[in-house]
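Student: Here's a structure for you.
The values are calculated or read from the model by the stated rules, or taken from the named source; none is laboratory data. In this text the structure is predicted, and so the values were computed from the model without any measurement. Cβ sites come from the backbone with ideal geometry, for glycine too, and all protein chains shown count toward neighbours.
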Amino acid sequence: MQEVRIPESRMFVWPGVHVECGENIRVLAPDTLRVFVVTDRPCIPIARHVAMSLQQNRFDVSGGVAPPTKTAAKAATLSQLQAKLDALGKKDVTVVAVGGTATVHLAMRLAGGRSLFLIPTTLRSQIDASVGGASCPAFAGRWKPPKAVFSDPTLLRDLPLREYVAGLAEAVKCAIVQDADLYEFLDANAGKIRDREQNTLEELVYRAASVKSAAIATETPGPGARATLRYGHWVGGALERFAGSAILHGEALSVGMEAEAALAQKLGWASADLVQNQNKLLKAMGLPTRAKGLPADKLALPLLANGTPKPDLPDSVGHTRGPAEAASPLIKA
């Protein structure tokens, strides 16, 4: 078992932890009598194991099912689940989320002042969405972190390959802008990571979550700060808006990192070695580095919509130089 200390929260990483959550929640939230489980349809079998563990530890268990994608943010879904949860009141009630990023964000929104525990079931949600608080435009708000996160690497074995690979982009991002040691780990273990070897996955989740936790604990500008975690999202976000559901978040992030590293090189910040090393690692993970069929001029429009952008860009592996002012000609190039 490994533990990640997160500001106002903590994450426990170990195989099988999701079926032992009941006894852990009993210790961490001793006043809880009732638990409301929020899950999505693909994760119902996992949620049943979670509910069984909770019931074995004398909790009264109820819950609701949300769609597994961003549609979970729809007003109707939120309203129905909120009504079921509010019917329980707030006293002695705890919320447990079982699912990916959308479900984790939904549960954070629903919990209100109640205790919240997360059981993330995707790689992205284990190393990114569950670490710290969250903000989500779909809900127009920001919420406090969970009391604890139970990250079980065995749950990643059955993820669809494309979704699993897309989640690896978050780990690469943390390595490039935050931690050269994480980069070396990913590079040395690429084959085991692709094969989902369990000991390697446990170490990957622990290391990547630790890097993000350290970053969000730093509120001051500069290298190591929270802002660097937006690396790849400037171009990647524009790509997601343009391509819609045809591209996964991690795929867009990967292409975004490739484009932003190239920009850092054009600005004279990053060497060709950084660009090549990042490209090599992304490809080793099975991630895309180009988005075919998207005209560069159309993609540049949303990038320039709010004036001259100032993305945080890396100057070496594990380190950023700070915000860069990217002129329009460089972006369009």
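Student: Looking at (1) modelled with pLDDT of 95 or more; (2) out of contact with any strand residue (DSSP E or B) (no Cβ under 8 Å at 6 or more places or on another chain), find the lone condition where L54 falls short.
Tutor: Evaluating L54 over (1) modelled with pLDDT of 95 or more; (2) out of contact with any strand residue (DSSP E or B) (no Cβ under 8 Å at 6 or more places or on another chain) leaves (2) as the failure.
Student: Would you mind listing the strands (runs of 3 or more DSSP E) fully within the stretch 1-120 where at least 1 residues are charged (D, E, K, R)? Steps first, answer last, please.
Tutor: Working: elements: 2-6, 9-13, 34-40, 60-66, 93-99, 115-120.
Strands (runs of 3 or more DSSP E) meeting the threshold: 2-6, 9-13, 34-40, 60-66.
Student: Suppose the filter is in contact with a Pro (Cβ under 9 Å, 6 or more places away or on another chain), surrounded by 21 or more Cβ atoms within 10 Å (Cβ to Cβ) and within 22 Å of I6 (Cα to Cα); does L204 pass it?
Tutor: Numbers: in contact with a Pro (Cβ under 9 Å, 6 or more places away or on another chain): yes; surrounded by 21 or more Cβ atoms within 10 Å (Cβ to Cβ): yes; within 22 Å of I6 (Cα to Cα): yes.
It is true that L204 is in contact with a Pro (Cβ under 9 Å, 6 or more places away or on another chain), surrounded by 21 or more Cβ atoms within 10 Å (Cβ to Cβ) and within 22 Å of I6 (Cα to Cα).
Student: More than 13 Å from A97 (Cα to Cα) and at pLDDT 95 or above: does that describe E23? Working first, answer last.
Tutor: Working: more than 13 Å from A97 (Cα to Cα): yes; at pLDDT 95 or above: yes.
Yes; evaluated as a whole, the condition is true for this residue.
Student: For the stretch 109-128, how many residues meet the condition of being surrounded by 24 or more Cβ atoms within 10 Å (Cβ to Cβ) and either at pLDDT below 95 or of a type in the set (A, V, I, L, M) (or both)? Spell out the reasoning first.
Tutor: So the first thing to find is which residues in the stretch 109-128 are surrounded by 24 or more Cβ atoms within 10 Å (Cβ to Cβ), and the list is 111, 116-128.
Now drop any that are not either at pLDDT below 95 or of a type in the set (A, V, I, L, M) (or both), which leaves 111, 116, 118-119, 123, 127-128.
Of the residues in that region, 7 qualify.
Student: Quick one: how many residues across the stretch 140-154 are out of contact with any strand residue (DSSP E or B) (no Cβ under 8 Å at 6 or more places or on another chain) and among the hydrophobic types (A, V, I, L, M, F, W, C)?
Tutor: Here the count works out to 1.
Student: Turning to a different aspect of this structure: Residue under question is S245, and the condition is that it be under 18 Å from the mean Cα position of the chain (by Cα), surrounded by fewer than 16 Cβ atoms within 10 Å (Cβ to Cβ) and not assigned by TED's automatic domain parsing to the domain that holds A102; does it hold? Steps first, please.
Tutor: On the way: under 18 Å from the mean Cα position of the chain (by Cα): yes; surrounded by fewer than 16 Cβ atoms within 10 Å (Cβ to Cβ): yes; not assigned by TED's automatic domain parsing to the domain that holds A102: yes.
Judged against the criteria, S245 is a match.
Student: Among helices (runs of 4 or more DSSP H) lying entirely in the stretch 142-215, which contain 3 or more residues that are touching a Ser or Thr at 6+ places or on another chain (Cβ under 7 Å) and at pLDDT 95 or above?
Tutor: On the way: elements: 161-177, 180-188, 190-194.
Per the criteria, 161-177.
Student: Search the stretch 311-332 for residues being modelled with pLDDT of 70 or more and in a loop (DSSP other than H, G, I, E, B), and hand back the single one that is surrounded by the fewest Cβ atoms within 10 Å (Cβ to Cβ). Explain how you work it out, then say what you get.
Tutor: Within the stretch 311-332, the first condition is being modelled with pLDDT of 70 or more, and the residues that meet it are 311-323.
Within this subset, residues satisfying the condition of being in a loop (DSSP other than H, G, I, E, B) are 311, 317-318.
Working: P311: 22, V317: 23, G318: 20.
Across the stretch 311-332, the extreme among qualifying residues is G318.
Student: Tell me, which residue of the stretch 2-20 that is at pLDDT below 95 and acidic (D, E) is surrounded by the most Cβ atoms within 10 Å (Cβ to Cβ)?
Tutor: In this case the residue turns out to be E3.
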